[in-house]
Every structure is written in C-alpha cells, then in structure tokens.
Amino acid sequence: MDEQRGTVTIPIGDVQLPADVTLPAQPVGVVLFAHGSGSSRHSPRNVAVARTLNDSGLGTVLADLLTPAEDEVDARTAELRFDIGLLASRLAGIVDWLAVERPAGDVPIGLFGASTGAAAALVAVTSRADRVAAVVSRGGRPDLAGNALAQVRTPTLLLVGGLDEEVITLNERALAELGEVGELRVIPGATHLFEEPGTLEQVADQAGTWFTTHLSR
C-alpha cells in the first residue's frame, strides 16, 4: 500500500482543528507537530521536516492549534501564540485522538515543537507520558514551559542554531532542568529559522534518527 495523505478535522473540546496527516505504508510511529508563534500547519520548514520523517517511515500530523477565529484575534494581538497552557491542552487532545482513533495504527507517538510550540509540547508531554515516547524541539523556547520542564520524563532532543545565541542560552538552562532525559545539539552556522543552506536538512535528519530510535519498539 502506498503513502496515504489527507486533511482531517480533529474535535478537541468545543473546537474543531484541521490537520494534514501523512502515513507511510507501515509507519514505525507518528509525529505530531506543534508550530511556532504566528505560524500554522502550512509552515514551510515544518512541512519540509515532515517529508524527511515520512521518508524515514514515520507518519506525520501537522495540525493548527488555533481556530480561524482565534487566528484572526492572534494576528491582531499576538496573545494566543504565547498561551502555552492553551496550546499544550490542544496538543494533549490531539495526542488522545491519535491514541483512540489510531489513524496510523497502534504505533508510538512523538512530538516535534518549533519555537513556542516546543514549550507547548513539553507541557503536554508531562500529562501524556504514557502516550508520547519522544520529543524534538527546533529553535525552541523550552523556557516557556516553566515548572513543567522538571517533570518531563520523555527523551527530549533540543536542536538550536549555532548563531542563535540567546536561544542557545535558554536551551542550556532548560537542559539543566530536563536532566538525563534531555540532549542539546547545536547546528553550526544556523540562525533561529535555519534558513542557511543545509541547516534545516540537518535538523530533519537528526529529528528522524531521534524519533526512529525512540519510537521503534
């Protein structure tokens, strides 16, 4: 059977969230993406990383964590993109949907978070440790996860650009909170958005290895 691709609507509480789902023929796991501030499931960088994960045999779910109405508010105020509690609860709801509906079958789940989405992923995993087997953060703001960091028990890879000095410092502090479940890797020559040639490919390759290692049973 070939790769399956499609858009689904996921009910979370009283909202409906659209998600683009891609499933290889026999996925070894499925990775749920949490996009960064002001972005959406159409983020070119996350879409590119997702394609690499698909090529590694992983299913991917790129979901919008805000409704269209909430997006309109956020575009004016930028308040919801930093509401880590709201974003984490939406992520946890999608994890539950994946575990119950099993569009990829009975496979382990991973979380890939970018920027503020990384904080939401880390908060979400503290309440879904039984369902999420690995986390990857790209240029993340794990500091925004606050006290949740010390409660994370899931293998977590922090990927940061070598030229993104402020975020490196924030990730180093987060690594101290994560302890032995965390690992920090710096991508040389990359800025915050990994726009430099070859740097996003390094993120995708390292994320793919992390997920296939920790999601394979």
Only one of Ala150, Ala104 that is assigned to a loop (DSSP other than H, G, I, E, B) and open to solvent by 10 Å² or more (accessible area, probe 1.4 Å): Ala104
Conditions first: (1) free of Cβ contacts under 8 Å to residues at least 40 places away in the same chain; (2) assigned to a helix (DSSP H, G or I); (3) in contact with a Pro (Cβ under 9 Å, 6 or more places away or on another chain). Glu180 passes all but one, so which condition is the exception? (3)
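Might you let me know whether region 117-126 holds any residue that is open to solvent by 10 Å² or more (accessible area, probe 1.4 Å), at negative phi and assigned to a helix (DSSP H, G or I)? Before you say what the answer is, go through the steps one by one.
Kept after step one, since they are open to solvent by 10 Å² or more (accessible area, probe 1.4 Å), are these residues of region 117-126: 123, 126.
Still in the running and at negative phi: 123, 126.
Right, trim to assigned to a helix (DSSP H, G or I) and you get 123, 126.
Yes, region 117-126 has at least one match.
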Qualifying residue in region 170-178 (condition: modelled with pLDDT under 95 and surrounded by fewer than 17 Cβ atoms within 10 Å (Cβ to Cβ)): no
State whether the residues of region 65-81 include one that is of a type in the set (Gly, Ala, Ser), surrounded by 14 or more Cβ atoms within 10 Å (Cβ to Cβ) and part of a helix (DSSP H, G or I). no
Keeping to region 188-203, report how many residues are open to solvent by less than 40 Å² (accessible area, probe 1.4 Å) and under 21 Å from Thr156 (Cβ atoms). 5
In the set Ser115, Ser56, the lone residue that is within 12 Å of the chain's Cα centre (by Cα) and either under 27 Å from Thr191 (Cβ atoms) or among the basic types (Lys, Arg) (or both) is Ser115
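Looking for something in contact (Cβ under 8 Å) with a residue 60 or more places away in the chain, open to solvent by less than 30 Å² (accessible area, probe 1.4 Å), touching a Lys or Arg at 6+ places or on another chain (Cβ under 9 Å) and in a loop (DSSP other than H, G, I, E, B) - is there at least one such residue anywhere in region 35-45? Let's see the steps before the verdict.
Initial filter on region 35-45 (in contact (Cβ under 8 Å) with a residue 60 or more places away in the chain): 35-37, 39, 43, 45.
Next cut, open to solvent by less than 30 Å² (accessible area, probe 1.4 Å) only: 35-36, 43.
In the following step, the residues that additionally are touching a Lys or Arg at 6+ places or on another chain (Cβ under 9 Å) were identified as 35-36.
Next, only the ones that are in a loop (DSSP other than H, G, I, E, B) stay: 35-36.
Yes, region 35-45 has at least one match.
Taking only region 1-34 into account, find how many residues are assigned to a loop (DSSP other than H, G, I, E, B) and over 18 Å from Ala120 (Cα atoms). Show your work before the answer.
Taking region 1-34 first, the residues assigned to a loop (DSSP other than H, G, I, E, B) are 1-3, 13-14, 24-28.
Subsequent filtering for residues that are over 18 Å from Ala120 (Cα atoms) retains 1-3, 14, 24-28.
Total meeting the criteria: 9.
The values are calculated or read from the model by the stated rules, or taken from the named source; none is laboratory data. None of the values given here were measured: they were computed from a predicted structure. When we count neighbours, we look across all protein chains shown, and the Cβ atoms used for this are built from the backbone with ideal geometry, even at glycine. Just the protein is used for accessible areas: all its heavy atoms, side chains included, with ligands, DNA and RNA removed. Shrake-Rupley method; radii C 1.70, N 1.55, O 1.52, S 1.80 Å.
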